[in-house]
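What follows is a single structure, written as structure tokens, with notes after it.
The values are calculated or read from the model by the stated rules, or taken from the named source; none is laboratory data. Everything numeric in this text was worked out from a predicted model, so none of it was measured. All Cβ positions, even for glycine, are placed from backbone atoms using ideal geometry, and neighbour counts span all protein chains on display.
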Amino acid sequence: MSKRAVIAGWSHSPFGKLDDPDTESLMARVSGAALAHAGLSAGAVDGIYVGVMNGGFQKQDFQGALVALSQPELAYVPATRLENACATGSAALYAAMDFIESGRGRVALVVGAEKMTSRPNAEIGDILLNASYRKEEAGIDGGFAGVFGRIATAYFERYGDQSESLARIAAKNHKNAVDNPYAQIRKDLGFDFCNTVSDKNPYVAAPLRRTDCSPVSDGAAALVLASEDMVGDLRRAIRFRARQQVNDFLPLSRRDPTAFEGAARAWRAALAAGKVSLDDLSLVETHDCFTVAELIEYEAMGLAAPGEGRKVVLEGLTAKDGRLPVNPSGGLKAKGHPVGATGVSLHVMACLQLMGEAQGMQIPGAALAGVFNMGGAAVANYVSILERAK
Ligand code: COA
């Protein structure tokens, strides 16, 4: 009997500055809704996997135990929280898949959430630095943006100023997000605005401007996983053609910051395991916490040689109507980046595409979707390749 896990249903809250006071409230928005979407009752759930980074956003920890507060039928179901920086959501998802694939359960609920906006900016920046190597990087100005400011500086020093390419990536993703009902920023800001330093687009961590950063966000997303032998009874099913996690050294000083080696290895391993090439993919949802991350990820996934990511942008290859649309959802850049929810959200966006339910975001005929989620600056790297099973 097959024990592979499929995605059977999902739910996604809007991302942005939300009235929900905490992750308990955010998780309540999506937990029951995902089960209803899958057509499964809470009584069918064998395991709950929660992704919340926290790290100081909220005093309340132990967040695996919060899901059952809004779903009392889940009170006696084993619940576990995972944390892997900005890849926390994928860590929860992959643990749930391991649970099903080991045969210990047939249905799992995965919930990712983060409440970030209740903290002042300086505190948020410091909390996010938990995803860096504090011994060496705690003093970096600008919080986590400062870490990526350093990466961008190193990249510019080696390959020349790429500010214009970064602005093109920002403009692409902002334009795409106009059609995403869940997105935090639904404004087509345009290339000129993104490429000009101004009062409305200041440097956050030079050379990165505000439009080169993902925003600070609240939000939640959930997935219901089921054993593949249940597909006949499910309303919808998305299967993993492949999934890979590859880690890299945490300190920037231990690696080349201009190349995401862990991400490249994860992509190569996932494409090989799935027996596909990039040419077979209909779209990619990738982790653009900063525009320079998307640029370097083009190179890591194999779309361009090192230092040549700018050609991908210039040629419009990753535009919505390009050869390989990247971030048709608007990406973290415009959709928002509630860190614990992001890994789950990336997979939900891919599922919508594969089911043909992405409405204005839809890539016609989407058949195979790549997802890349990373924790820290390409430290914990997750690549999923998804296809429709029903
Ligand atoms: N991109 C584009 N526009 C943004 C934005 C972003 N990232 N963040 C805020 N804005 C817009 C707001 O919508 C608002 O627009 P309006 O004046 O038209 O209403 C305006 O900028 C001011 O918003 P505000 O929230 O006051 O901005 P801010 O200067 O306090 O914060 C950042 C902007 C970039 C500093 C903040 O979003 C940030 O810290 N981002 C990085 C978060 C991070 O590190 N995440 C982890 C990544 S791994």
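Here are some notes:
- Boolean, Val147 is under 30 Å from Arg106 (Cβ atoms), modelled with pLDDT of 95 or more, of a type in the set (Val, Ile, Thr) and crowded, with 16+ Cβ neighbours inside 10 Å: no
- Selection status of Gly376, within 12 Å of the ligand (Cβ to nearest atom) and either buried (at least 24 other Cβ atoms within 10 Å of the Cβ) or under 19 Å from the mean Cα position of the chain (by Cα) (or both): yes
- In segment 159-180, the residue that is farthest from the ligand (Cβ to nearest atom) out of those that are in a loop (DSSP other than H, G, I, E, B) and of a type outside the set (D, E, K, R) is Gly160.
Rundown of residues vs (1) assigned to a helix (DSSP H, G or I); (2) polar (S, T, N, Q); (3) under 17 Å from Gly376 (Cβ atoms); (4) within 16 Å of the ligand (Cβ to nearest atom), yes/no style:
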residue: Thr211; (1), (2), (3), (4): yes, yes, no, yes
residue: Pro215; (1), (2), (3), (4): no, no, no, yes
residue: Asp229; (1), (2), (3), (4): yes, no, no, no
residue: Gln245; (1), (2), (3), (4): no, yes, yes, no
residue: Pro257; (1), (2), (3), (4): no, no, yes, yes
residue: Val284; (1), (2), (3), (4): no, no, no, no
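- From the list Ala183, Ala264, the lone residue that is aliphatic (A, V, I, L, M) and either within 19 Å of Phe148 (Cβ to Cβ) or away from the ligand (no atom under 14 Å from the Cβ) (or both) is Ala264.
- Pairs with Cβ under 8 Å, 6+ apart, first in segment 118-146 and among the hydroxyl-bearing types (Ser, Thr, Tyr), second within 11 Å of the ligand (Cβ to nearest atom) and modelled with pLDDT of 95 or more: Ser132/Val147; Ser132/Gly376; Ser132/Ala377
- Any hit, segment 189-196, residues being in contact (Cβ under 8 Å) with a residue 60 or more places away in the chain and in a helix (DSSP H, G or I): no
- Number of residues in segment 202-227 that are surrounded by fewer than 21 Cβ atoms within 10 Å (Cβ to Cβ) and within 30 Å of Val276 (Cα to Cα): the value is 0.
- Across segment 336-361, the number of residues qualifying as in a helix (DSSP H, G or I) and within 11 Å of the ligand (Cβ to nearest atom) comes to 2.
- Filter result for Glu315 (crowded, with 24+ Cβ neighbours inside 10 Å, of a type in the set (D, E, K, R) and either within 16 Å of the ligand (Cβ to nearest atom) or on the phi < 0 side of the Ramachandran plot (or both)): no
- When each of Glu101, Glu114 is tested for being touching a Gly at 6+ places or on another chain (Cβ under 8 Å) and charged (D, E, K, R), the lone residue that passes is Glu114.
- In segment 75-91, the count of residues that are over 30 Å from Glu228 (Cα atoms), without any contact (Cβ under 8 Å) to a residue 24 or more places away in the chain and not aromatic (Phe, Trp, Tyr) is zero.
- Looking only at segment 140-158, and only at residues there that are away from the ligand (no atom under 16 Å from the Cβ) and not acidic (Asp, Glu), the one that is nearest to Leu252 (Cα to Cα): Ala154
- Among the residues making up segment 76-125, those that are among the basic types (Lys, Arg) and either within 15 Å of the ligand (Cβ to nearest atom) or under 22 Å from the mean Cα position of the chain (by Cα) (or both) are Arg81, Lys115, Arg119.
- Test: residue in segment 110-123 that is farther than 22 Å from Val371 by Cβ, modelled with pLDDT of 95 or more and assigned to a strand (DSSP E or B): yes
- Index of the failed condition, Ile296 passing every other in (1) of a type outside the set (S, T, N, Q); (2) without any contact (Cβ under 8 Å) to a residue 60 or more places away in the chain; (3) assigned to a helix (DSSP H, G or I): (2)
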